[in-house]
Amino acid sequence: MKDTRKIFPRPIKIQDNTFRDGHQSIYATRMKTEDMIPIAEEMDNCGFWAMEVWGGATFDTMHRFLNEDPWMRPKILKRYVKKTPLSMLLRGQNLVGYRHYADDVVRAFVDKSCEIGIDIFRCFDALNDFRNIETCVERIKANGRHFEGTVCYSLTESRLGGDIYTLDFYVAKAKELERMGADTICIKDMAGLLSPYDAFDLFTALKKEIKVPLHLHTHYTSGMGSMSYLKAVEAGVDIIDTCLAPFALRTSMPACEPIVAAFQGTDRDSGIDILTLLKLSEHLETIAPKYKHLLADHKLSIIDNSVLAHQIPGGMISNLTSQLKEMKALDKINDIYKEVVRTRKDMGYPPLVTPASQIIGSQAVLNVLFGRYVRISNQLKDLVLGLYGRTPAPIDPELTKKILKNYKRGREPITGRPADDLPPEIEKARKAIGHLARTDEDLLGWILFPQTMEKYLQAKYETDTPAAQSAIA
């Protein structure tokens, strides 16, 4: 079929995130592959720069809640999406899990991801410590795939500036990624904190210093997302992320349809047919009742204006709410929002993105319920010890001493690349899981999520043999 779309001189390129971050943001990552297939081929024909289909929380939720093999989704979608690159979100040394994994696991995971059809890797580190993405980058490049270097956007004040998150900070981080060989550079605004005029200033500054294309990812959480896209496009950003309207807004991304409509007839016209997008959205509306119970509907507003004060991403808020419900302490939520701000400052102002957001949030809960740093999670101790990397600002030495007192993993923070201290994991894991892992995909999945993946594999292969007994057998 001949492509008759008009070519515009400087089209804004659009990555569609419907099949990953869209349903992760508003439906707890529960969209099933079977609901993607009916529109996958038509999505491929839209002219998106890329389609994000994997990474983030998908690996976890697919095997845990959907009874799907996580490795199969890119393989299946690749049968229908043949022209548009498939993208994934990769948390550097954390991969798609919640801890740092040894380099042999990281290499094997990236190689396998390339094998199953991932073309573009949006690779980030929760602390913006790019030593934690070095191994990922080496394998992405070795496989000839696209490395999108990513800076997590954060603030210490209501607007860009202050002691840490300045224009110079973001330009310096982008330059570091460019030196590492980034094919594109993404500013990842996971909480929707980027204001429109800051977006203009930021991308104006980046455009002067960075040669590779620039990508902006934001969420609608604060209500500023579409306005920030407009100003970023005016400043010259090359690529933006959107979702089809039914899976957009709220804590998801801005909707694709109004963005496409807004730039029609301008020199940044995307060339995407809006009528096709409307047709695709109709399919999502028909399947929406299946997922409606997962949609947060406790508030009338579709934006969270409080995020402008506490900067807590939507996913982190839902985790905190769930945690407090279990502890019968939901009445403490406002105190905990305030404590998150204090704890984050104590910990050197890390961006509130996985896994740092969970670490800060959990410690804030402990601080409110039991007193500040009376009870300390091991994850926070690891953060202070340096096992997650270098925090944006130094942590107070006296507080460091208090937190690491008598800690079995060390009392003096490390300064080197965290993964340098991690021994290889694959062969040890292979012996531990034994015959329960019948493929390399099974083995890697079990390393990432040993308990839940073990249950999944037992069901998949119709056996109740635990991994330890399987190894003996």
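How big is the accessible area of I287 in square angstrom, nearest 10, if you roll a 1.4 angstrom probe over the protein chains?
Result for I287: roughly 20 Å² accessible.
Using a 1.4 Å probe on the protein chains only, how many percent of the accessible area of the chain belongs to carbon and sulfur? Please report the intermediate quantities before stating the final value.
Details: 10470 of 20250 Å².
Carbon and sulfur atoms account for 52 percent of the accessible area of the chain.
Considering only protein heavy atoms, with the full assembly of protein chains and a 1.4 angstrom probe, order M72, M36 by accessible area, largest first. Please list the in-between numbers first.
On the way: M72 65, M36 0 Å².
Greatest to least solvent exposure: M72, M36.
Taking a ≥ b ≥ c as the square roots of the Cα gyration tensor eigenvalues, with a/c under 1.5 meaning rounded and otherwise prolate when a/b beats b/c, else oblate, which class fits the range 1-92?
Values: a/c = 2.42, a/b = 1.78, b/c = 1.36.
Since a/c reaches 1.5 and a/b is larger than b/c, the shape of the range 1-92 is classed as prolate.
If the cut-off is 25 Å between C-alpha atoms, which lysines fall inside it for K338, apart from same-chain ones fewer than 8 positions away?
Result set, ordered by chain and number: K188, K299, K325, K328, K381, K401, K402.
Let me check something: with ligands and nucleic acids excluded, how do W49, W54 order by accessible area (1.4 Å probe), largest to smallest? Mind showing how you got there, number by number?
On the way: W49 50, W54 0 Å².
Descending accessible area places them as W49, W54.
Farthest toward the dipole's positive end in the chain, which of Y291, Y407, N67, given Cβ charges of +1 (Lys, Arg) and -1 (Asp, Glu) about the Cα centre?
Y407
Using 1/(1 + (r/R0)^6) with R0 = 45 angstrom and r between the beta carbons of K82 and T452, what's the FRET efficiency to the nearest 0.05? Could you put the intermediate results ahead of the total?
Numbers: r = 33 Å, r/R0 = 0.73.
Result of the calculation: an efficiency of 0.85.
Is the C-alpha gyration tensor of the chain telling us rounded, prolate or oblate? Criteria: a/c under 1.5 is rounded; beyond that, a/b larger than b/c is prolate, otherwise oblate.
Values: a/c = 1.44, a/b = 1.15, b/c = 1.26.
Verdict is rounded for the chain.
Can you bin the range 222-369 into rounded, prolate or oblate? Criterion: square roots of the alpha carbon gyration tensor eigenvalues sorted a ≥ b ≥ c, rounded for a/c under 1.5, prolate for a/b above b/c, oblate for the rest.
Details: a/c = 3.20, a/b = 1.70, b/c = 1.88.
Because a/c hits 1.5 or more and a/b fails to exceed b/c, the range 222-369 counts as oblate.
Given an 8 Å cut-off on Cα distances and at least 6 residues of separation, report the relative contact order of the chain as a percent. The partial results should precede the final answer.
Numbers: 838 pairs, mean separation 76.4, N = 473.
The normalised contact order for the chain reaches 16 percent.
Over the heavy atoms of S306, what accessible area does a 1.4 Å probe trace out, to the nearest 10 Å²?
40 Å²
Taking N as the number of residues in the range 96-183, what is its Cα Rg relative to 2.2 N^0.38 Å?
1.20
Give me the 1.4 Å probe accessible area per residue for the range 139-218, excluding ligands and nucleic acids, in Å². Before the final figure, lay out the partial values.
Numbers: 2980 Å² over 80 residues.
That works out to 37 Å² per residue.
The values are calculated or read from the model by the stated rules, or taken from the named source; none is laboratory data. Predicted model only: the values in this text are computed from it and were never measured. Heads up, the Cβs are rebuilt from the backbone with ideal geometry, glycines too, and the neighbour counts pull from every protein chain shown. The area values use the complete protein model at the heavy-atom level, side chains included, leaving out ligands, DNA and RNA. Shrake-Rupley method; radii C 1.70, N 1.55, O 1.52, S 1.80 Å.
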